[in-house]
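Chemist: Next up is a structure, given as structure tokens.
The values are calculated or read from the model by the stated rules, or taken from the named source; none is laboratory data. None of the values given here were measured: they were computed from a predicted structure. Ideal geometry is used to build each Cβ from the backbone, glycine not excepted, and the neighbour counts take in all protein chains shown. Surface areas here come from the heavy atoms of the whole protein model, side chains and all, with no ligands, DNA or RNA. Shrake-Rupley method; radii C 1.70, N 1.55, O 1.52, S 1.80 Å.
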Amino acid sequence: MTASTDALDLASEEFSLLAGEPAPPTGKQVAVVGAGMAGMACAIRLALLGNSVVLYEARSRERMDETVTDSASERALFERLVARGRIRCEYGRKLGVDIELADLHLWHDAIFIGVGLASGRVLALSGSDPAGLVDAGRRVAAVYALDDLLALPVPQRAIVIGASRGAVGMAARLKQLGAHDVTLALRHALAPDGREEEVARACFVRVRGWVAPLEVLRDERGAVASVRFEQTRLLGDCMVDTGGFTEIAAHAVFKAVGRAGGTERDPLVRQQSREGDRIEVDGCFRTALPGIYAGGDCVAARLDGVQARRHGLQAAQAIHADLQA
Ligand SMILES: Cc1cc2nc3c(=O)[nH]c(=O)nc-3n(C[C@H](O)[C@H](O)[C@H](O)COP(=O)(O)OP(=O)(O)OC[C@H]3O[C@@H](n4cnc5c(N)ncnc54)[C@H](O)[C@@H]3O)c2cc1C
């Protein structure tokens, strides 16, 4: 069975859902990223359909309270679902900075991305996808299924971008396969006493914290030569760019995001890699990556609030149907 939203009369269904009780738990957990018009609608609908929802929002709780974007009845319903444990909110958690798609993949059965106009830098790299730039693969594949790595000549120098367990595992594996120099580049620091630090240390992976990737630089043949990073630091609770830059030489760059396959076969990674681009979705708001959906301003230009909300509702319906199939 595949999800279809064609026959939905959303207007009347929305009304009945506002009054309705949540369905019995389905045992599925969905991550909703962005508590804007699309994300809120999606989270509420998913929770009412019986799914457990974790809402990741870049803004702090206090800043969320400053903006009233939804109706009072929707807000009350949202609060009720939170109080009943059907929706859990993680404020101050920014995708691409504090959390990575690969991690969300690990923790949840599906992901809805509703980050509005901020989609451009969610996955960081702004360069194009030259030879040598490889998607590090779906979370588990990145560490355990080595098809991607074994199919490639092992690069002498490699950079793995990301702080997830998948990224660390990928860097360690590259070293074990014979890469001479492997750098794990991340926007913050690894926990000094954590398992990731231990794995990196044991495998002689160089950890380079506090850098955000800006651009992949190529040599005259078009092959990857290095990656240019902007240095980051903490300002209070926020991560900010310092304005300083650094460059790390590499023959291959791996990003621990998305699923197995080259970036050229991975429209989400490609699309999100470019500032201002939109995420491509099908009629049921599915992206090219299995289990990842997107809606609202990050998939279409010039939406109004009602349309963005409708995206969220329709995507929730599609996610629920896909998870039940
Ligand atoms: C200036 C302006 C005025 C507008 N006026 C109107 C109007 O009067 N009426 C109307 O109907 N529509 C209006 N719109 C359009 C409407 O605001 C949008 O269509 C709608 O808000 C889009 O909803 P969304 O959920 O896609 O994105 P948003 O509502 O923008 O929500 C995105 C959410 O994602 C969060 N986020 C962003 N990046 C991340 C990340 N990396 N990780 C986690 N969370 C993240 C943001 O903090 C935000 O909470 C206006 C738009 C603009 C820009």
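Chemist: Segment 57-116 to segment 290-325: how many Å between their Cα centroids?
Modeler: Segment 57-116 and segment 290-325 have Cα centres spaced 15 Å from each other.
Chemist: Rounded to the nearest 0.05, what FRET efficiency is calculated for ARG208 and ARG63 with R0 set to 30 Å and r the Cβ-Cβ distance?
Modeler: Step by step, r from the Cβ atoms, then E = 0.45.
Chemist: Excluding LEU81 itself, calculate the net charge of residues whose Cβ lies under 12 Å from the Cβ of LEU81, where each Lys or Arg counts +1 and each Asp or Glu counts -1.
Modeler: Local net charge: +3.
Chemist: Along the Cα→Cβ direction, 7 angstrom out, place labels at TRP107 and ALA76. What is the inter-label distance in nm?
Modeler: Computed distance between label sites TRP107 and ALA76 equals 3.1 nm.
Chemist: Another question, if that's okay. Order the peptides 36-45, 188-197, 224-233 from the highest to the lowest mean number of other Cβ atoms within 10 Å of their residues.
Modeler: 36-45, 224-233, 188-197
Chemist: Could I ask something else about it? Where Lys and Arg each count +1 and Asp and Glu each count -1, what net charge lies around ARG195 among other residues with Cβ under 15 Å from its Cβ?
Modeler: So the surrounding residues net to -3.
Chemist: Now a separate question. Once ligands and nucleic acids are excluded and a 1.4 Å probe is used, how much of LEU177 is accessible, expressed in Å² to the nearest 10?
Modeler: Roughly 50 Å² of LEU177 is accessible to a 1.4 Å probe.
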